[in-house]
Each structure stands twice: as structure tokens, then as C-alpha cells.
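Since the structure comes first, as C-alpha cells, the remarks are kept for the end.
The values are calculated or read from the model by the stated rules, or taken from the named source; none is laboratory data. It should be emphasised that the depicted structure is a prediction, and the values quoted were computed from it without experimental measurement. Here the Cβ is made from the backbone with ideal geometry for all residues, glycine too, and neighbour counts use every protein chain on show.
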Amino acid sequence: MSSRTNLRKVRGASGRGVCRLAEALEPRLFLHGAGIDVVVTPAGLDDPDDEIREARRAGNETFTAAIDSPTDVDMYVVTMTRGGTLTVDVDAHGGVLDSYLRLFFSSGGNAGAVNDRQGPAPEFSERESYFIADFFPGTVYVAVSGASNAFYDPVNGGGDSNGSTGAYTITFNGVDGSDPDDQAAEAVPVRGGFSYNGSINATDVDMFAVTVRAGETVQFDVDHPFGMFDSVLRLFNSAGQELAFSDDDPAPGEAGGAGEAYVRHTFAAAGTYYAGLSGAGNIAYDPATGEGDASGTTGPYQLVVTIAQAPPRVAQVYVNGTAWTDAFRGYLAAQGLGDAGHGFAVPGGTGQLDELPWANITQIAVRFDQPVMADANDLLVRGVNVPIYLNPTYGYDPATFTAIWMLDRPLADYGAANRQAADSVRLELNGDGPDGVRAAGPGGAYLDGEWTDGAAYPSGDGSQGGDFRFLLNVVPGDANRNGNVSPTDFGAVRASVGRSTSDVGSDPARSYSVFRDVNGNGNIAPTDLGVVRGNTGANIAGLPTPAALAPGSVRDELFGTSPIL
């Protein structure tokens, strides 16, 4: 027996002490006082609410508590007076507790269990517990413990094992026979591969929430394992507008299926959407308020959710220079012309082919619309005056889904001896298997990269497996971006000498411009004039554009047996 003790005061009914046993076999010592008895129990042996007989009564309410020792179990009891759908949501505030939720009948028999399932927002951890099920009228016991402490006896409290600890809240809904999940705000979150067995009462609606990326296709398949339920499925956007309706629509390949529901929907916009499942006849409820129910058919069902991942697409191309200053990139971002980290954003549309006037572009960055897997070998940079720009250094920014390639020389290679520098440069990004850019994660879809010069972002034709081919016109010193470097460019830059990102000026003819700052250092100085003077006469006109490689040949060009230089 430990030398430490726990003291619990129990007020007696009279001046004589009344002893209260915490556990049938617990060692104890009784100290009597006037009107008060003190029950002394060895530390660690007394869990006052880990048995069915000690359960705390709950209604439609929220409790704040904690699993404060590895073998702690907190028991609650609810009485389903009319039967119906019961939801129990355990949230781990602070994200520390890895909770395990078990439900029991009065006999101690198992009524369900759940671990690592999130409920309606807000949620704080992926290790929370959310339980939803339909019950006949009666009493249900709900127990919270830490993960790994999952095999205790709910009748005598024995059989504990060490589990997670931490604070939590537990929220009960549906105890009084109300419908706790018939509104979008109460929707159960689902993901691809989700399978749920439930049942529908007369005016019951079960609402589910799915969060998708643009272009993803989701299938909701409602099956009736016992063949006696006529279900209806409605799909809504976040504003409550109905996007799809299904009644008596079995999924493809399912024989018969009378009364079943099936929706397959491709979402044009990213966001959270809601699927409402009810019985036939209950088809006009409001998904925002849960009102407007009508009596419908009833019965058990199984819902299976499948998400066909949309292939990644190119959302933006950037050019950057290692010599560009933070002030220059910050000004680009502030003016809506680029990104403070990745440089100038090459626009879509006709602006794609406008000349890039910087003499030191040494970096290409491609932003995708979702996380991707890529590497240094996925990008081929081909020019006319410079046939191949090598890109031996590669990086990836996971926060913005941006892949970055560092080139071995500047685009157009301004500074090469005795020539006027301009180049038509084509970026070729491998979007095909087995080594092309693809969505992150096992089995990720390959890039949907098809692109026509002058098109609008994002790339793609709606199908995975297409190379991204993107043209850049680079003319160092072309401050007015008309395709050639002339005395006019020299005059424009000279008029702005002395201006900077911090001293822009108000006269447009003499103010700071990122296109006159042809070395990207944040101020216009004689060094910029030197670039223009040194490249006067360069002209993009007359340069052919690099021919696009045949579909699927980016990898062949990179790894083929023929010389590439």
C-alpha cells in the first residue's frame, strides 16, 4: 500500500459518521468527526466514476473534464426517453488527449466504440472521438478514457491499462429525442473511403460534410443492407442551395437497388459541401436550420463516400533572381505583380508573352493548386540562343505548393561576350508517369498540365497526365517591353535614376518602375543604364519559338541517349 493517501469528505446525516465505500475491495481508513467523516483511500486505487453504477447523468449538454491519470475512466449515463439518434463528441482542448470512447448497455454489454474520428467543427485534434448511432428508448452508458485503455470492465472498473491523459469536453445531443445532425452546422465530416452504418427515423435527417478541392469528384452511395428503406439523398453548397437530388438511383454496377440513392458530383469550386440523407417523403427540409421535416420512410442504411482526387494543375509561374533584393520582391508583391518570396508572377492571357526586361533571372518557380511531388529532373528549360538551361538545384515550398528550380545561368544569358542578348524560352514540365509531377501521397494523380500560350490559369484539360509547356520572352533592358532594346529604353531608365521602392515619385515618366529596375535591386541607378546600353539592339522579333516536344517526351529529352547540347 502506498504511503500517500487521498482524502474525500462525506457529510453525514447526523453527528455520527457515515462511511461511504468507494470500491468494494478498496483498502480504507475511517476518521470520524462531528458531522463529517473522512474517507482515506490509497492514492491511485480510487477512480470514483469508472463503473456503470457511478456514472454521471447527462442530458443535451457539454461537460468539461480530464483524463488525469493513465488508468482513468469517466462514465456518463443518458436516458433515451423516445429513442432516436444520439451523438457524443469528445474534443481534446489543447490537442493533448488521444481519447477512446466506448458505449454500453445497462448490463455492461458493448453498444459501440470509436477512436480517432472528428466530429463537427470546431475540432482540435485528429485523435478525438465522435460517435453517432440510433437507439431504441432506454439507458446508454458512455465512457471516456485515454487510447490504449480500451478493455476495462464497465461493471466493476477492473482491467484498466495505461492510456493517454489530458483535458477534454464531451457534448451530448439527441438525448431528448431531438435530431442532433439535421443541420449543416451539425454535419458529420466525411472523407474519401468513409463508410457509415446508420438508420433513419420518420422525420430524421442525417447530414454529412465533405471538403473538396476544385475539380474533385465525389460519389455518395447509399445502400440498404436489409432492403427495406427508401432513401433520398440531397447535396447542398454552403449557402444551402441544392446541387443534386437522388431517389431510386442505385450506383453503377449495382443490381436492383430500388429505393437506394446515389450521387456523383464534380465540384467546380473548392470548399465544404453537405449531403443530407432522409427517407422518401421527407425531401423539403431546410439544411441550414433543420426545419421543414415531413414524415418519411424509415430503416437502416450504409453510406459509402468515394473521392476521386483531382489531378494537380499549374496555378502560377514566377521568375526570380538570386540577386533580386527583398525590397524589390516586396514591392512586386505590394503592387500585385508577384510574390515576396518567389518573384514576378508571369500573368496568363496576352500578358504571358510580354517581354521580361531583367538581366539576371536565374530562378523559375511553379505554383500548383495542391501539394505535389516533383524533383529537379521534372523541368526542362529550352531556349533558342541558349538551347538548354540546366537546373541542378531544386526546392519546394510546402506552404504554398510551389516548386523552385535554380538555373545554371540567367535567362537570355546577358553578359555573354560580344552579343546582344534576347531569348525565347520554353518551360517544359513533365506531367506523365512514371516520374512526372503528381499529387502528393500514395497513388497521387499526375499533372493536368495542358497549356496554350496566352491562356488563363490554371492549366489542364480536366484529365491527368499532360505536360505543361509555357513560353517566356526575355529581353534584358527592354524597359518599355516592346520587344527590342533601344535608346527609348535608355531614356526611360535615365529619367528614373535615383528613384527606388522607398522613393517612388509621382511623375509617371520619372517614377520608379520594376520594369526600369532591370537588375531587380530595388533602385534605379547607373548600373541599370549599363544593362540597357550594353544590350541595345537586342530584339525578340525574328527569333523562332522553341518547338514544343511531342507529348510525353519531356522525360525522353532529359534522359535520352542523344546529346542535348
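A few remarks follow.
- Pairs meeting the criteria (first residue in segment 264-280 and within 18 Å of Ala294 (Cα to Cα), second residue modelled with pLDDT under 95 and part of a loop (DSSP other than H, G, I, E, B), beta carbons under 6 Å, at least 6 apart or on different chains) are Ser278/Gly296; Gly279/Gly296; Gly279/Thr297; Gly279/Thr298; Ala280/Asp230; Ala280/Gly296; Ala280/Thr297.
- Condition met for Arg117 (closer than 24 Å to Ser238 by Cα, basic (Lys, Arg) and under 27 Å from the mean Cα position of the chain (by Cα)): yes
- Test result for Tyr152, surrounded by 14 or more Cβ atoms within 10 Å (Cβ to Cβ), farther than 16 Å from Thr85 by Cα, in contact with a strand residue (DSSP E or B) (Cβ under 8 Å, 6 or more places away or on another chain) and not hydrophobic (A, V, I, L, M, F, W, C): yes
- Scanning segment 86-137 for residues that are of a type in the set (Lys, Arg) and under 18 Å from Phe208 (Cα atoms) returns a single hit, Arg117.
- Residue in segment 110-128 that is in contact with a Lys or Arg (Cβ under 7 Å, 6 or more places away or on another chain), surrounded by fewer than 19 Cβ atoms within 10 Å (Cβ to Cβ), under 22 Å from Ile200 (Cα atoms) and small (Gly, Ala, Ser) present: yes
- Pick from segment 490-509, criterion small (Gly, Ala, Ser) and assigned to a loop (DSSP other than H, G, I, E, B), ranking: surrounded by the most Cβ atoms within 10 Å (Cβ to Cβ): Ser496
- Evaluation of Ser463 against (1) farther than 22 Å from Pro546 by Cα; (2) crowded, with 23+ Cβ neighbours inside 10 Å (one fails), failing number: (2)
- Members of segment 351-405 found to be assigned to a loop (DSSP other than H, G, I, E, B), under 32 Å from the mean Cα position of the chain (by Cα) and among the small types (Gly, Ala, Ser), listed by number: Ala374, Ala399
- For segment 218-238, filtering for residues that are of a type in the set (Ser, Thr, Tyr) and over 24 Å from the mean Cα position of the chain (by Cα) leaves 1.
- Filtered residue count, segment 85-102, keeping only those that are crowded, with 22+ Cβ neighbours inside 10 Å and not in a loop (DSSP other than H, G, I, E, B): 10
Residue-wise test of (1) in contact with a Leu (Cβ under 7 Å, 6 or more places away or on another chain); (2) part of a loop (DSSP other than H, G, I, E, B); (3) over 21 Å from Ile404 (Cβ atoms).
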position: Gln420; (1), (2), (3): no, yes, yes
position: Arg426; (1), (2), (3): yes, no, no
position: Asp435; (1), (2), (3): no, yes, no
position: Gly443; (1), (2), (3): no, yes, yes
position: Ser459; (1), (2), (3): no, yes, no
position: Ser463; (1), (2), (3): no, yes, yes
position: Phe470; (1), (2), (3): yes, no, no
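- Residue list for segment 262-282, restricted to those being modelled with pLDDT under 95 and hydrophobic (A, V, I, L, M, F, W, C): Phe267, Ala268, Ala269, Ala270, Ala280
- Failed condition for Gly158, given (1) free of Cβ contacts under 8 Å to residues at least 40 places away in the same chain; (2) under 22 Å from Glu61 (Cα atoms): (2)
- Residues that are surrounded by fewer than 24 Cβ atoms within 10 Å (Cβ to Cβ) and outside any strand (DSSP E or B), drawn from segment 472-489: Asn480, Arg481, Asn482, Gly483, Ser486, Pro487, Thr488
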